[in-house]
1. Among (1) of a type in the set (S, T, N, Q); (2) over 22 Å from R310 (Cα atoms); (3) in contact with a helix residue (DSSP H, G or I) (Cβ under 7 Å, 6 or more places away or on another chain), which single condition is T199 missing?
2. So in segment 291-306, with the set limited to residues that are among the hydrophobic types (A, V, I, L, M, F, W, C) and touching a strand residue (DSSP E or B) at 6+ places or on another chain (Cβ under 8 Å), which one is surrounded by the most Cβ atoms within 10 Å (Cβ to Cβ)?
3. Quick check on my filter: what residues within segment 214-223 are open to solvent by 40 Å² or more (accessible area, probe 1.4 Å) and either touching a Pro at 6+ places or on another chain (Cβ under 8 Å) or of a type in the set (S, T, Y) (or both)?
4. Picking from V237, V248, V207, which residue would you name as being at pLDDT 95 or above, assigned to a helix (DSSP H, G or I), touching a Lys or Arg at 6+ places or on another chain (Cβ under 9 Å) and open to solvent by less than 40 Å² (accessible area, probe 1.4 Å)?
5. Determine which single condition A243 fails, assuming it passes every other condition in (1) at pLDDT below 95; (2) open to solvent by 50 Å² or more (accessible area, probe 1.4 Å).
6. Which members of segment 252-290 meet the condition of being out of contact with any Phe, Trp or Tyr (no Cβ under 8 Å at 6 or more places or on another chain), part of a helix (DSSP H, G or I) and either among the charged types (D, E, K, R) or buried (at least 18 other Cβ atoms within 10 Å of the Cβ) (or both)?
7. Name every residue in segment 38-66 that is surrounded by fewer than 21 Cβ atoms within 10 Å (Cβ to Cβ) and more than 16 Å from Q189 (Cα to Cα), in order of residue number.
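The values are calculated or read from the model by the stated rules, or taken from the named source; none is laboratory data. Quick caveat, the model's predicted, so the values are computed rather than measured. Neighbour counts are summed over all protein chains in view; Cβ atoms, including those assigned to glycine, are modelled from backbone coordinates with ideal geometry. In case anyone asks, the SASA skips ligands and DNA or RNA and just uses the protein heavy atoms, side chains included. Shrake-Rupley method; radii C 1.70, N 1.55, O 1.52, S 1.80 Å.
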Amino acid sequence: MVKKILLWIALFLGFKIAVVLIVGLLPADPRRDIATREKHRQAFAPNAVFIGTSRTLYGINPLIFDSLNAGQTRSYNMGLFSLSIANSLNIARHIIENDPKTQIVFIELSALDYSTIHMTPDLVFNDVYFRMRADEATVNPDDHGKWSDFLSDFNTTLFQTFSIAPQIATFKKWINPVNDPIEGPPNLQTNGFQDVDLTIPGLNTMVVNNRFYTRKLTAPSHHPAPNAYFLTAINEVITLGKAYRKRVIFYMPNNVTKGEYELLAQVTPYISQANFISLPKDPTLEAIFKPGNLFDSHHLNAKGSGIYTRYLYEQFSKKPANF
């Protein structure tokens, strides 16, 4: 019985690898492929990099940031769809250690669910391990709920590892491209930013829920116990930056989900303020959630990105170099 199971696993993996290799002959979407985006970053030769999810991709305009900074920075937006915090930290470490030109590394502080969208096989279990340790480090959790959530996420990871659905979707988009900011072809500027002029017609349940949990995270009534593992990983990257005399700044995305709130609430109060930019507690936060500043429930449009980028710069300008 065990042999049959192992045989079927081997067959599934072999089929998946074959499909991946075939689809890999198609042009890679730099919003979904770390290696491709890394080549773009190197070609742009920035001295500051924003690493994050699609909320960074659509939400931070390097032209505005550099203009406000009087041209002292040449920023690159390295936002990728569904980028996990484990992958974000790996990218940051690589840049700190191997790119002498980049002096400032900004990292979006996220806690997205598992996704293998950017992962080569050697990175899959690294990401699973990170989330497992972060869940394990939660103090006084509901053990049943904690491990139920972990097993659910792990099941998703395994499914994505064996599934060829992403490759099918890639092939369909190549044959019949659609006109959509996310599902359509990449429309990146040379600095990595994707500018979208669309707006949503009005508030919906998802926006309202995200606004609620974002507000709650920025103004907690009490601080939960710190997540030691997550914070250790963050502090290691900050320390690495100091060793290479580079600034490392973690920043909040323009919105957080309920699931992200539950984990980030154990992290945000404990990051050194010299290395952290929270979201505003004033009308700027409300503006981020106005329908006219969003093109869908999670992502800022061109107008919204301008508001968010200006806020990040204002907060960054107040931070000491702290080497």
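1. Unmet for T199, out of (1) of a type in the set (S, T, N, Q); (2) over 22 Å from R310 (Cα atoms); (3) in contact with a helix residue (DSSP H, G or I) (Cβ under 7 Å, 6 or more places away or on another chain): (2).
2. Here the residue is L300.
3. Those that are open to solvent by 40 Å² or more (accessible area, probe 1.4 Å) and either touching a Pro at 6+ places or on another chain (Cβ under 8 Å) or of a type in the set (S, T, Y) (or both): P220, S221, H223.
4. V237
5. The single condition A243 does not satisfy is (1).
6. E262, L264, L285, E286
7. Correct list: N47 only.
Rundown of residues vs (1) among the acidic types (D, E); (2) over 27 Å from L198 (Cα atoms), yes/no style:
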{"position": "N61", "(1), (2)": "no, no"}
{"position": "F65", "(1), (2)": "no, no"}
{"position": "Q72", "(1), (2)": "no, yes"}
{"position": "I85", "(1), (2)": "no, yes"}
{"position": "R93", "(1), (2)": "no, yes"}
{"position": "E97", "(1), (2)": "yes, yes"}
{"position": "T102", "(1), (2)": "no, yes"}
{"position": "V105", "(1), (2)": "no, yes"}
